[in-house]
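Enquirer: Provided herewith is a single structure, encoded as structure tokens, for subsequent inquiry.
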Amino acid sequence: MISSLDAARTPLERGITLVEASAGTGKTYAIAMLVLRAVCEQEIPIEKILVVTFTRAATEELRGRIRQRLAEARRLLAGKQQPEDATMAAWLETIDDNVRPQMEKLVTRALYDIDQAAIFTIHSFCQRMLVEQALESGQLFDVEMQGDSDDIRRQVAEDFWRATVYPMDREACGIIVAEYPSPGELLKVMGRAGEYHCLEPQSPGVAHWAKKFSAAVDSLRRWFLGDGGGKTLQAFCVAHDAKHFKKPLADEENFRDFLGQVSDYLLEKTEQPPLKYLAFLHKEGLLEIINKKKFKTDAQRVQFLERFSLPDEEMGDFIAARKQLLIAFRRDFLLFLEETLQKTLEERGLLSFDGLIRVLDRALSDENSTLRTLLAQRYDAACIDEFQDTDFRQWHIFSSLFAGG
């Protein structure tokens, strides 16, 4: 059921409640208000209310806002101040006079204990739980935190490059290097892809698609060396002279560049395929550059295409194999990075920030986990800020601890 959040009156119910809000709509204010209500209405000690956000700066801001809200509430409950805003006024109206003294005591205690409030980033929460419950979590006592694992990640990327790219033939290697010129560039683009439960699509690895791509290139080159290549290039020249193309092939310099690059690649003089030009050897690509002023009807365009002996089947295989090769390359890299990075860190007795989440998630995966029982009893309420940034491991941690009640 979807309804508007009234931070002063919305019932505090057991279970999971998702609050959706845009930037600048008072999320931090609402969180502070909900913490105040949990202290007063549910009589939950401040140290048993977990608040998780995603930056250290945000934790300090939340702590300050919660402290401010508690202090204001104490003055209101004691009758020493009038409400400063409509939300506090609305909340105060819901509080019977006879329970206000007790609530004032609860708020006073919360203010005394505010430094013990469980306000963490996701990483500091995981670290605190693993350190304080080291035996139950199975975490080694002498593990060293490695906040910055960039050097190790670079080493892993270089190892993957040597093991994967070096053995490739020139055709597949040309495709990879055109997209990712170096291990560093690959890591820059893909290395922060984040955690994942599984990678889709499930498919054969990069070696399989490298062979498929090379076979597609061979087929395309056989077409070019046969009658089809000469006829098609001749048809392109005739069409260019008749101004049947729009840019880029309408320009003389670009057209000569097109002829040269396509011929050089298909004659094995260059390794990297001129993808933007090869696309014109496919029917769909050729249609994109036809001068529509010259061919205004579909019938005219079809008749124009018949002048070319286009390698549609060969180009279709080329395009599909290239796409799958890059997908497999990225997928294999992410799998290699995940496995090798964690293995390297463990061998060195190190734990990264992401590793904190992984270790706690793994420790909570056992249905009979003692750690799960201990942590679930430790907090009576939890508020997760910036929930849209929560990945599947973080969701498993919070849901396994708190979703049941």
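No lab work stands behind these numbers, since they all come straight from the coordinates. Here the structure is a predicted model, which is why all the values come from computation and not from measurement. Glycine also receives a Cβ, built like all others from the backbone with ideal geometry; neighbour counts cover every protein chain displayed.
Enquirer: For residue 381, list long-range residues whose amide hydrogen, built 1.01 Å from N in the peptide plane, is under 5 Å from its own amide hydrogen.
Expert: 50
Enquirer: What does the highest-first list of 379-386, 239-246 look like by mean Cβ count within 10 Å?
Expert: 379-386, 239-246
Enquirer: For residue 247, list the lysines whose Cα falls under 19 Å from its own Cα; do not include residues on the same chain fewer than 8 positions away.
Expert: Within the straight-line cut-off, residue 247 pairs with 276, 283, 292, 293, 294, 296.
Enquirer: Which ordering of 337, 286, 350 is given by a fewest-first count of other beta-carbon atoms within 10 Å?
Expert: In order of increasing Cβ crowding within 10 Å: 350, 337, 286.
Enquirer: Assign unit charges at the C-beta atoms only (+1 for Lys and Arg, -1 for Asp and Glu), then state the dipole size of the range 148-351 relative to its Cα centre in Debye, rounded to the nearest 20.
Expert: 920
Enquirer: Once the Cα atoms of helix 353-363 and of the chain are each reduced to a long axis, what angle between those two axes, in degrees from 0 to 90 to the nearest 10, is obtained?
Expert: The two axes meet at around 70 degrees.
Enquirer: What order do you get for 150, 264 when you list them from fewest to most C-beta neighbours inside 10 Å?
Expert: Taking fewest neighbouring Cβ atoms as first place, the list is 150, 264.
Enquirer: Tell me, what is the FRET efficiency for residue 162 and residue 257 to the nearest 0.05, using R0 = 35 angstrom and their Cβ-Cβ distance as r?
Expert: For R0 = 35 Å, the calculated efficiency reads 0.55.
Enquirer: Given R₀ = 30 Å, FRET efficiency for residue 270-residue 242 by Cβ-Cβ distance, to 0.05?
Expert: FRET efficiency, residue 270 to residue 242: 0.55.
Enquirer: Compute the length gained on full extension between residue 169 and residue 113: take 0.36 nm times their separation in residues and subtract their Cα-Cα distance, giving the result in nm to one decimal.
Expert: Roughly 13.6 nm would be gained on extension.
Enquirer: Quick check: from the Cα gyration tensor, does the range 148-351 come out rounded (a/c under 1.5), prolate or oblate?
Expert: prolate
Enquirer: Filter the GluC sites (Glu not before Pro) in the range 270-349 down to the DSSP loop ones having no more than 10 other Cβ atoms within 10 Å, then list what survives.
Expert: Hits after loop and neighbour filter: 306.
Enquirer: While we're on this one: Quick one: in the chain, what % of C-alpha pairs are over 42 Å apart?
Expert: 43
Enquirer: Would you work out which of 86, 98, 64 lies farthest towards the positive end of the dipole of the range 50-106, given +1 charges on the beta-carbon of Lys and Arg and -1 on that of Asp and Glu, about the Cα centre?
Expert: Checked the options; the winner is 64.
Enquirer: What is the angle, in °, between the Cα long axis of helix 170-179 and the longest principal axis of the Cα atoms in the chain? Nearest 10 is fine, range 0 to 90.
Expert: 50
Enquirer: Treating only the Cβ of Lys, Arg, Asp and Glu as charged (+1, +1, -1, -1), what charge dipole size does the chain show about its Cα centre? Round to the nearest 20 debye.
Expert: Here the chain has a charge dipole of around 1060 debye.
Enquirer: Right, something else. For n ≥ 4 DSSP H runs only, could you compute -39500 (n - 2.57) per run for the chain, divide by its residues and tell me the 222 nm figure to the nearest 500?
Expert: Result for the chain, helices only: -18500 deg cm²/dmol.
Enquirer: Sorting 10, 232 on the 10 Å Cβ count, fewest up front, what's the list?
Expert: By the 10 Å Cβ count, ascending, the order reads 10, 232.
Enquirer: Semi-axes of the equivalent ellipsoid of the range 228-324: what are they in whole Å, largest first, if each equals the square root of 5 times a C-alpha gyration tensor eigenvalue?
Expert: Taking √(5λ) for each eigenvalue gives 22, 16, 12 Å, largest first.
Enquirer: Report the calculated FRET efficiency for residue 105 and residue 395 (r = Cβ-Cβ distance, R0 = 35 Å), to the nearest 0.05.
Expert: Working from the Cβ atoms, E equals 0.45.
Enquirer: What is the range 1-84 by shape, rounded, prolate or oblate, if you read a ≥ b ≥ c off the alpha carbon gyration tensor as root eigenvalues and call it rounded for a/c under 1.5, prolate for a/b larger than b/c, and oblate otherwise?
Expert: rounded
Enquirer: Please give the helix 312-347 orientation as an angle from the longest Cα principal axis of the chain, in degrees from 0 to 90, rounded to the nearest 10.
Expert: It works out to around 40 degrees.
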